[in-house]
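Please read the structure below before turning to the comments.
The values are calculated or read from the model by the stated rules, or taken from the named source; none is laboratory data. Since the model is a prediction, treat every value here as computed from it, not as a measurement. Glycine also receives a Cβ, built like all others from the backbone with ideal geometry; neighbour counts cover every protein chain displayed. Accessible surface is based on the protein model in full, side chains and every heavy atom, while ligands, DNA and RNA are left aside. Shrake-Rupley method; radii C 1.70, N 1.55, O 1.52, S 1.80 Å.
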Amino acid sequence: MTARHFLLDTDLTSADQAAVLDLADALKARRRTPGPADRPLTGRSVALLFEKPSTRTRISFDVGVAELGGHPVVIDATSSHIGRGETIEDTAAVLSRYVDAIVVRTFAQERLERLAAASSVPVVNALSDHAHPCQALADLQTIRERRGSLAGLTLTYLGDGNNVAHSLLLAGTLAGMRIHVASPPGYEPFEQVVRHANEIGAATGGEALVMHDALEAAADADVLYTDVWASMGQEDESDSRSLVFQPYRLDEKAVEAARPDVLVMHCLPAHRELEIASAVIDGPHSVVFDQAENRLHAQKALLSLLLTEGADGAGGPR
Ligand code: CP
Ligand code: NVA
């Protein structure tokens, strides 16, 4: 039997994604009054393996697994044998003997794929250099609870065409959204991801567009989104990136160019006054702390789906 993994946004179909968001809303609404059905991980354990730092992802998965009735096991790579060179395949095989799912934050997507190939339990991408699909689920939940639905909305992402941008492109088009990414030349999202997003959009009504003019991209946006200019692992490029990305700052001018009721989003952690103005992140359009909260609910819904649906069940990995 093959375990059902969530390595990339497209491991969920549009219908699966909507089901996760519906369940996330329901779990959020009854968080303080859960019934027995809200604890599907009773008697099960989930490994949370981190090869990069984390605040939100680590804590929301830890709390989320416990709220689902399960036992979270947080593993810091540097204090385990992975940090001393034990292979990812051996690690996956060993963890599979102890736990019912493995949540992993790592560097290359290929490392995640190798881990999943050697695991007999579901593997969840808790951020790789390529994608951040759990973040995108929480982001869609946040937009949907403010706007009621997702299809046809325009989300404009300003800045680096990174892991967060890739996941917004794929998850957003799965939901029928228009995802516009404005990046400096040379820092655009991968062409292959943009192409994939447009293929998805052909079926859902969504669209993926890469632009270079931030204000032009912001015009008529329902959502303005940004992320750090130098991701984890790119710290030595911070200074050069700070210069190149200046025109892509999410500031008052960008907000004024967008729709009057625009939502402002950032996955956090933020560098205030770099990629986002403090007045904007603390302003009336900002939903950044709802996003952070919804990590908990969206990930609980995702784990419920992956761990309660039969392996190879309907809507399996694509
Ligand atoms: N947004 C996000 O993934 O935050 P952490 O790096 O704190 O987990
Ligand atoms: N793009 C950022 C996201 C952090 C949540 C990074 O990878 O560091």
Item checked: Within the chain, helix-based [θ] at 222 nm, where runs of 4 or more DSSP H residues each add -39,500 (n - 2.57), nearest 500 -> -12500 deg cm²/dmol
Note to self: Sorted from largest to smallest, which semi-axis lengths in Å does the alpha carbon gyration tensor of the chain give for its equivalent ellipsoid, taking the root of 5 times each eigenvalue?
What the structure shows: 31, 22, 18
Checklist line | segment 195-294: relative contact order as a whole-number percent, Cα under 8 Å and 6+ apart | finding: 28 percent
Item checked: By accessible area with a 1.4 Å probe, ligands and nucleic acids excluded, highest first: order of M211, M232, M177 -> M232, M211, M177
Next item on the list: Just the number, please: Stokes-Einstein D of segment 131-249 in µm²/s, Kirkwood Rh from C-alpha pairs, 10 °C, 1.306 mPa s.
Entry: 112 µm²/s
Check: Relative to the Cα centre, what is the charge dipole magnitude of the chain, using +1 at the beta carbon of each Lys and Arg, -1 at the beta carbon of each Asp and Glu, and rounding to the nearest 20 debye?
Finding: 1080 debye
Item checked: Protein accessible area in the chain, 1.4 Å probe - carbon and sulfur % -> 53 percent
Next item on the list: Compute the distance in nm between two label points, each set 7 Å from the Cα along the Cα-to-Cβ direction, one at A26 and one at H271.
Entry: 4.3 nm
Note to self: For segment 23-178, what does the relative contact order come out to in percent, with C-alpha contacts under 8 Å and a separation of six or more?
What the structure shows: 18 percent
Notebook entry, point to check: Picking from G85, G283, G152, which is most flexible by a Gaussian network model of the chain using Cα springs under 10 Å?
Noted result: G85
Note to self: Can you give me the distance in nm between label points at S240 and T87, each placed 7 Å from the Cα along the Cα-to-Cβ direction?
What the structure shows: 3.5 nm
Item checked: Qualifying lysines (Cα of each under 19 Å from Cα of K28; at least 8 residues distant if same chain) -> K300
Notebook entry, point to check: Shape call for segment 8-82 from the C-alpha gyration tensor, a ≥ b ≥ c root eigenvalues: rounded (a/c under 1.5), prolate (a/b greater than b/c) or oblate?
Noted result: oblate
Notebook entry, point to check: For the charge dipole of the chain, defined by +1 on Lys and Arg C-beta atoms and -1 on Asp and Glu C-beta atoms about the Cα centroid, which residue among P247, L41, F61 has the Cα displaced farthest towards the positive pole?
Noted result: L41
Notebook entry, point to check: Quick one: putting +1 on the C-beta of Lys and Arg, -1 on the C-beta of Asp and Glu, what dipole do you get for segment 110-220 around its Cα centre, in Debye to the nearest 20?
Noted result: 400 debye
Notebook entry, point to check: How much area per residue is accessible in the chain when the probe is 1.4 Å and only protein heavy atoms are counted (Å²)?
Noted result: 41 Å²
Checklist line | Distance between segment 205-278 and segment 92-121 - C-alpha centres, whole angstrom | finding: 32 Å
Checklist line | Dipole of the chain, positive end: most advanced residue of H132, P269, L95 [Cβ charges, Cα centre] | finding: L95
Next item on the list: Hand me the GluC sites (Glu not before Pro) from segment 239-315 located in a DSSP loop with no more than 12 other Cβ atoms within 10 Å, in residue order please.
Entry: E273
Check: Roughly how big is segment 1-55's charge dipole about its Cα centre, with Cβ charges of +1 (Lys, Arg) and -1 (Asp, Glu), in debye to the nearest 20?
Finding: 380 debye
